[in-house]
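Worksheet: one structure, shown below.
The values are calculated or read from the model by the stated rules, or taken from the named source; none is laboratory data. Predicted model, so just to flag it, every value in this text is computed and none were measured. For neighbour counting, all protein chains shown are included, and Cβ atoms are generated from backbone atoms with ideal geometry for every residue, glycine included. We work out accessible area using only protein heavy atoms, side chains counted, and drop any ligands, DNA or RNA first. Shrake-Rupley method; radii C 1.70, N 1.55, O 1.52, S 1.80 Å.
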Amino acid sequence: MQIAQLRYFTTIAQLENVSQAAELLHLSQSSLSKNLARLEAEVGAPLFDRSGRRLTLNAAGRRLLEYSTLTLQELEYALDDIRLLSTGADCRIKIGAAGGVDRLTGCLAAFREVHPEAEFDLMSDIESLEHIDINDYDMLIYPAGGRYERFTGFPLCEEQYLLALSPRHPLAESPAVRPKALEGQSVVFLRAGRSYVEYPFRVCSALTVRFGSQCYVDTRELHRQLIASGVCIGFVSDSAAAFYQGNREVRLLPIRDKRFQRLLMVCFRREKHLSALAKDFRDFAIDHLQLQRQNIPVHPAQV
């Protein structure tokens, strides 16, 4: 399958007409029709329902359009990235994070004062990715241990998890809770992709806490709504606490168990892959955040 075929296909899908697509692509109608036929043969299924000259995407076509759009966007992004890199004009600082972003914002603001040309590309949910490569980011904030143990970095901060619940919940008047109090409760967890469920889920599994029921949502807003409504209780990292504290229908309580906290680390892309601006940012961040390497014990629950 060729990139050109995907471009032809997406154009036909948008216009729902081969002759109009051929005109826009500066191709003959017969050539475009042959390309479409080859693509359908390669996919092994028709991609359109045909009614006269009009084409309408069928289920297979809609699915291929989703993947084609993502593929073409990623290709364009990669080409743009390479152009910037080759010309030395790359002003983007790419940051991936699994938390602790609130500790980083002051550093980003201070760096922009020195380098106003800097642009930050921040991904805040790297734990939802199946594979993480440090060379995809100039800076990576990640939890110590587990699948990240191959990275060598600097300790950044301890991330504490709190229990979030409705003020009407029976536990709401407690100054703090122990994991045993979670037995039989209805709990909501943040989930992304096929494999990622937020860190407290793994801690509760290690502690063999038996919940009454478990719900999963893919956005923090839904997470907050279920908690505020009293349907479930949930877990919130201290770095995300402000998002919940703005709602009077959510109360946050400390959890009396050190396993509900984890160490966040910082590492940087390899020297040879850093742009000149990214190298300046690395040195600036190490100084601004006062990062120092040291041996840190990894908690058994951090898997």
Which percent of the accessible heavy-atom area of segment 140-271 goes to carbon and sulfur, probe 1.4 angstrom?
48 percent
Could you work out how much longer the chain between GLN245 and ARG270 gets when fully extended? Use 0.36 nm per residue separation minus the Cα distance between them, nm to one decimal.
5.1 nm
Cα gyration tensor shape of the chain, rounded if a/c is under 1.5, else prolate or oblate by comparing a/b with b/c:
oblate
Could you size up the charge dipole of the chain around its Cα centre, putting +1 on the beta carbon of Lys and Arg and -1 on that of Asp and Glu, and report it in debye to the nearest 20?
920 debye
About its Cα centre, what dipole magnitude does segment 171-221 give when the only charges are +1 on Lys and Arg Cβ and -1 on Asp and Glu Cβ, stated in debye to the nearest 20?
220 debye
Counting sequence-distant residues (5 or more places) and residues on other chains, those with an amide H built under 5 Å from that of ARG92 are GLU119
Check which residues have an amide H placed less than 5 Å from LEU289's amide H, if you skip close sequence neighbours.
none
Kindly provide the helix-only [θ] at 222 nm of the chain, computed as the sum of -39,500 (n - 2.57) over DSSP H runs of four or more divided by all residues, to the nearest 500 deg cm²/dmol?
-11500 deg cm²/dmol
Determine which lysines satisfy two conditions relative to LYS34: a Cα distance under 25 Å, and not lying fewer than 8 residues away in the same chain.
none
Normalised by the residues of the chain, what does the relative contact order come to in percent, with Cα pairs under 8 Å and at least six apart?
21 percent
Identify all aspartates and glutamates with a Cα-Cα distance to LYS279 below 16 Å; exclude those on the same chain that are fewer than 8 residues away in sequence.
ASP90, GLU117, GLU119, ASP121, ASP136, ASP138, GLU271, ASP287
Cross-link partners among lysines for LYS180, C-alpha distance below 23 Å, same-chain residues fewer than 8 apart left out?
LYS258
Which order do ASP49, ASP138 take when ranked by solvent-accessible area (1.4 Å probe, heavy atoms of all protein chains), largest first?
ASP49, ASP138
Starting with the highest mean, order 35-42, 106-113 by the number of other Cβ atoms within 10 Å, averaged over the residues of each peptide.
35-42, 106-113
Hey, what do the phi angles of segment 14-30 turn into as Karplus ³J(HN,Hα) couplings, whole Hz, using 6.51/-1.76/1.60 and θ = phi - 60°, x for Gly and Pro?
6, 8, 6, 7, 5, 5, 5, 5, 4, 5, 5, 8, 6, 10, 6, 4, 5
